[in-house]
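The values are calculated or read from the model by the stated rules, or taken from the named source; none is laboratory data. This structure is a prediction, so every number in the text was calculated from the model and none was measured. So basically every Cβ, Gly included, is an ideal-geometry build from the backbone, and we count neighbours across all protein chains shown. All accessible areas refer to the heavy atoms of the entire protein, side chains included, with ligands and DNA or RNA removed. Shrake-Rupley method; radii C 1.70, N 1.55, O 1.52, S 1.80 Å.
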Amino acid sequence: MTDSQTFLAAFLLIFQWGGDLWEIIGLSLRVSFTSVAISTLLGLPLGALLAVERFRGHHAITIIVNTMMSLPPVVVGLFVYILLSRSGPLGVFGLLFTPTAMVIAQTFLITPIVVALSRQHLQQEWDRVGEQLCSFNISRIQAMPTLFWETRAALATVVLAGFGRAIAEIGAVMIVGGNIDHLTRVMTTAIALETSKGNLELAMALGVVLLILALLVNAGVHWLTHWSARRGAG
Amino acid sequence: MSSAYPKFKQVNFSINGTPLLKDLNLSLARGSLTVVLGPNGSGKSLFLRLCHGLLKPSDGEVLWGDSAQRPPQTMVFQKPVMLRRSAMDNIMYALRNYPKPKRVECARQALKWAGLEDIAGRMATVLSGGQQQRLAIARAWALQPEILFLDEPTASLDPGACDYVEEHVKAMHESGIQILMSTHNLAQARRLAQQIIFIQDGRVMAQQPVEEFFTQPACVEAYEFIRREFVIDESAAQRLHKEP
């Protein structure tokens, strides 16, 4: 089969595919959305704290968080595997090879991204408005909701960037999820499996769906950036 | 109760061991309009920020009356700081502790006072520099502070906008608000101030009533600073240069 025939067959498969495809896409989205939601809830307050407060070890923590943005997914996968394996500290919960394990691994990967990028945006905003807010007798902690609101467009792009990383990730979810059919198989692990089996049409079809999702995420980021620029928001 | 408002007692301010403001021992009269003058980098903005409590002294203390508790006060900065919301919402944000109906009423009054009713619904961050500074002053007025700090509020404004700011600063002072303002504009200082504080190299070199400062400056540094724009009594200049 030529490359173009493979590509055509892949497109046909997308439209012909039944429940299995939607199950894989659904699980991919569920795992990614959940981990992004948890990372956002943890990461934004931490980013804000690093942006507005100065304390002993602030620089060291900032450098560590920035470094963790480029954590290798397989290392995170291995770390979470050890944590959740039967003999590990959280082994009693029996979470290994479940979607929950995949969410935990992705949360470890995405949270540093949310913390580091949000800190940058929030610190810029704090430098701009901090003195004025203090002049209104607002404490640094009280100022955080205002900072979130003022930088809402930029923070939305941070969250979308986290989602982009989560949905395209394979190393960590393969290790802690195990790519089990109907249980922990997501788009990236399914692509790896089908490619290794020589089932290129299927792998390509999944790849196209993944690309469309990535395209939608990027279009969202682009639209938000333009919308905020037009409104004078940051 | 002491009439010194505020009173600096042996205040020093340094960053990473570098002294930026030194041996500040002075007091301002309650309700006065004081202008802080000095060359670039002399410490005028730091002085205002120390007074306002945005910075904490490295040594010494700033007293308000007989206590360290700051009275209601706010600050207008050289570059107006606007939140990304409408002009009206910017004022309402500063009044966040008021009940909503009062907040709306006060914000409307402030916009009217500043002649900005027609831009109430416009995004504050896209207004011109002059309009943003007018809005910043209206926001400060809405808070009805006991003391208002203005850090070079006309530095980047055209003459019309400068006149506007001066008129409104005067109006606020006449309504009982104490003003402490820094500027590079000597003519403006002479028009507005009751008293001048002259700072150079982080030290208060002179604190004098305005006319006395411009005719009989207390130190040679102040004389050198103002002589380019103002003709000063020759004998005063000779006296200053003879003094060690």
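Descriptive notes on the structure:
- The residue pairs whose first member lies in the stretch A:216-228 and is small (Gly, Ala, Ser), whose second member is surrounded by 12 or more Cβ atoms within 10 Å (Cβ to Cβ), and whose beta carbons are closer than 7 Å, counting only pairs six or more residues apart or on different chains, are A:GLY220/A:LEU160; A:SER228/A:ALA153; A:SER228/A:GLY234.
- Candidates A:LEU84, A:LEU90, A:LEU96: the one that is in contact (Cβ under 8 Å) with a residue 60 or more places away in the chain, open to solvent by 10 Å² or more (accessible area, probe 1.4 Å), more than 30 Å from B:ARG139 (Cα to Cα) and touching a helix residue (DSSP H, G or I) at 6+ places or on another chain (Cβ under 8 Å) is A:LEU96.
- Residues in the stretch A:144-158 that are buried (at least 23 other Cβ atoms within 10 Å of the Cβ) and hydrophobic (A, V, I, L, M, F, W, C): 3 in all.
- Within the stretch B:20-66, being more than 17 Å from B:PRO145 (Cβ to Cβ) and assigned to a loop (DSSP other than H, G, I, E, B) holds for B:GLY38, B:PRO39, B:ASN40, B:GLY41, B:SER42, B:GLY43, B:LEU55, B:LYS56, B:PRO57, B:SER58, B:ASP66.
- Options B:ILE91, B:ILE119; residue that is of a type outside the set (S, T, N, Q), closer than 19 Å to A:ASN137 by Cα and within 14 Å of chain A (Cβ to nearest Cβ): B:ILE91
- Counting the residues of the stretch B:66-86 that are touching a strand residue (DSSP E or B) at 6+ places or on another chain (Cβ under 8 Å) and either basic (Lys, Arg) or closer than 19 Å to B:GLU117 by Cα (or both) gives 4.
- Test result for A:GLU201, surrounded by fewer than 21 Cβ atoms within 10 Å (Cβ to Cβ) and at pLDDT below 95: yes
- In the stretch A:122-142, the qualifying residues are those that are within 27 Å of the chain's Cα centre (by Cα) and modelled with pLDDT of 95 or more, and the one that is farthest from the other protein chains (Cβ to nearest Cβ) is A:GLN123.
- Meets criteria (in contact (Cβ under 8 Å) with a residue 40 or more places away in the chain, within 27 Å of B:ALA187 (Cα to Cα) and either surrounded by fewer than 20 Cβ atoms within 10 Å (Cβ to Cβ) or of a type outside the set (D, E, K, R) (or both)) for B:ALA87: no
- Within the stretch B:160-177, the presence of a residue that is open to solvent by less than 20 Å² (accessible area, probe 1.4 Å) and farther than 22 Å from B:TRP113 by Cβ is excluded.
- Leading residue by the ranking (farthest from A:GLY171 (Cα to Cα)) among those in the stretch A:24-55 that are in a helix (DSSP H, G or I) and open to solvent by 80 Å² or more (accessible area, probe 1.4 Å): A:LEU46
- Test result for B:GLY38, within 14 Å of another protein chain (Cβ to nearest Cβ), more than 22 Å from B:GLU167 (Cα to Cα) and buried (at least 17 other Cβ atoms within 10 Å of the Cβ): no
- Test: A:HIS226 is in a helix (DSSP H, G or I), open to solvent by 40 Å² or more (accessible area, probe 1.4 Å) and more than 14 Å from chain B (Cβ to nearest Cβ): yes
- Scope the stretch B:72-88; condition facing chain A (nearest Cβ under 8 Å) and part of a loop (DSSP other than H, G, I, E, B); matching residues: B:PHE77, B:VAL81, B:LEU83, B:ARG84
- Residues of the stretch A:56-67 that are small (Gly, Ala, Ser) and either in contact with a helix residue (DSSP H, G or I) (Cβ under 7 Å, 6 or more places away or on another chain) or in a helix (DSSP H, G or I) (or both): A:ALA60 alone.
- On the stretch given as the stretch B:54-71, residues that are surrounded by fewer than 18 Cβ atoms within 10 Å (Cβ to Cβ) and either within 13 Å of another protein chain (Cβ to nearest Cβ) or without any contact (Cβ under 8 Å) to a residue 12 or more places away in the chain (or both) total 7.
- Selection status of B:ALA206, open to solvent by less than 70 Å² (accessible area, probe 1.4 Å), within 25 Å of B:PRO19 (Cβ to Cβ), touching a helix residue (DSSP H, G or I) at 6+ places or on another chain (Cβ under 6 Å) and at pLDDT 95 or above: yes
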